[in-house]
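Everything on this sheet refers to the single structure shown next.
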Amino acid sequence: MAAVRFLGRWSRRLLILLLLALLLSLVLAVQTSPVLNARPPTSAADLDAARALLRRADPRSGPVGRPRVVYASERELDLILNYLARHGGVAASQLKVSQGTMTVRASRRVPLLPLWLNLELRLVEGPGLPDIAGGQLGRLPLPRPVLRWMGQRLLDRYSATAGFELAGDLVQRIEFQHQRALLVYVWQADSARRAVGSLLPVAEQQRARVYWQALQRRLAAAAGLEQLAGVEVFKPLAELALSRSSDDASASLEARALLVALALHASGRGPATLFPKADDWPAAHPAWLGFARRQDFGQHFLISAALASEAGGPLADAIGVQKELADARDGSGFSFNDIAADRAGSRFGQWARQRPREWLQTLAQGVVEEQLFPHVDDLPEFLHERDFRSRYGGPGAPAYRQMMEEIERRLRALPLGAP
């Protein structure tokens, strides 16, 4: 009996110690403020820098089966990390590269609480992909085995294991130098298909196919019309999405797939450009989806909406500005009404991302174009670079900001589409 009482006392003491250790870990892990400030929205200059890196690393520009060497500056890598972090709901992130080491920091708010999770990871060079050297959450040190376990759980959760394995097969060496990284990789004949397949899980592809098929049936029933107002397809597709979802999580997946299908049709490129196994999907109906009776506005609105539902509004906005600046130099000219269509679509996609079930329910009840799309007929368009610079001075100039503020005023006045 004495031995039993002795073991019982020590069991209770051990349990108390474990609870105290857990409480201490929580106190050390969470903090009352972020260690990083929120970054400004993605700019056209940021996109230029990221695109420059992607052009240099583009495997299509080099031979298959032979090693290639790519250098990436600390700023370029930080821009890509910032995009990925925002996509994952992280408020702020930062990347630093020094000799042999890369340090990644991120801040994210705890849901429903005035507390923050501040994470720091230290990566070191290794044979192939970098290895985790250590890190900490707030003031709580995280041992390497714990970090590796957490990383594996994240890969499993987001179905990224295949992509990680592909990267391990392709990458021969990564070196961390002063404020830059060196990548040596070998691109194989089947790498493109494997890469796209790893980024787009089969379940997501099949979900988008459901809405692609429903959209093509709706267009085929339009009695030979060459164009259809975009809002006319929202109601049947939203009703379908609601019938396939039971909560906010499933509604979010259905809403994103719905917007992907609409964007693919609006782009005119078809699903095979995004989904490797979409060759047997129904052919795209020739009718186009318009806004304000224009096909290009439909493209701007729907593609920006899909981008915003996946990555958040700032990226879609920056892509829209970047395209218009390119058009001003060597295309159709800078158009503020295209920017307005981009911004309206971006807000529409943000709404789908933030409150998916409400978004679907609203569309299923029926909407009209004037609730989502601003009046744009009087906004300047087809401005070539010289005219654009002389009248508006470029992004950031007072006249340009005044036009953008007018666009924002019109967007705020819309009954819907403002998250």
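The values are calculated or read from the model by the stated rules, or taken from the named source; none is laboratory data. This is a predicted model, so every value here is computed, not measured. Reconstructed Cβ throughout: ideal geometry from the backbone, glycine too, with neighbour counts over all protein chains shown. Ligands, DNA and RNA are stripped out before the accessible areas are found, and what is left, the full protein with its side chains, is counted by its heavy atoms. Shrake-Rupley method; radii C 1.70, N 1.55, O 1.52, S 1.80 Å.
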Counting only protein heavy atoms and leaving out ligands, DNA and RNA, the solvent-accessible surface of Ile16 at a 1.4 Å probe, in Å² to the nearest 10, equals 100
Can you pull the accessible area of Ser304 for me, 1.4 Å probe, Å² to the nearest 10? 10
Please list Leu137, Leu26 from largest to smallest accessible area, probe radius 1.4 Å, with all protein chains kept in place. Leu26, Leu137
Could you go through the stretch 369-384 in sequence order and give the Karplus-derived ³J(HN,Hα) for each residue, using 6.51 cos²θ - 1.76 cosθ + 1.60 with θ = phi - 60°, rounded to whole Hz, and x for Gly and Pro? 4, 5, 7, 10, 10, x, 6, 10, 4, 8, 7, x, 8, 6, 8, 6
Computed lengthening from Asp48 to Ile80, 0.36 nm per intervening residue step minus Cα-Cα distance: 10.3 nm
I need the calculated FRET efficiency for the pair Ala249 and Val184, taking r as the beta carbon distance and R₀ as 45 Å, to the nearest 0.05. 0.65
In whole Hz, the Karplus estimates of ³J(HN,Hα) for the stretch 126-135 (6.51, -1.76, 1.60; θ = phi - 60°; x where Gly or Pro) are x, x, x, 6, x, 10, 7, 8, x, x
What does the charge count near Gln354 come to, summing +1 for each Lys or Arg and -1 for each Asp or Glu among other residues with Cβ under 14 Å from its Cβ? +3
Long-range HN-HN contacts of Trp288 with modeled amide H, under 5 Å: Gln227, Leu228
Pseudo-spin-label distance Ala413 to Leu112, built 7 Å along Cα→Cβ, given in nm, is 4.0
Assuming 0.36 nm per residue, please report the length gained on full extension of the stretch Leu19 to Glu226 beyond their Cα-Cα distance. 67.8 nm
Keeping all protein chains in the complex and leaving out DNA, RNA and ligands, what accessible area do you get for Leu379 with a 1.4 Å probe, in Å² to the nearest 10? 10
Near the amide H of Gly134, under 5 Å away, which other amide H atoms are found, from residues 5 or more places off or on another chain, if H is placed in the peptide plane? Arg122
Can you give me the distance in nm between label points at Ala272 and Asn37, each placed 7 Å from the Cα along the Cα-to-Cβ direction? 5.1
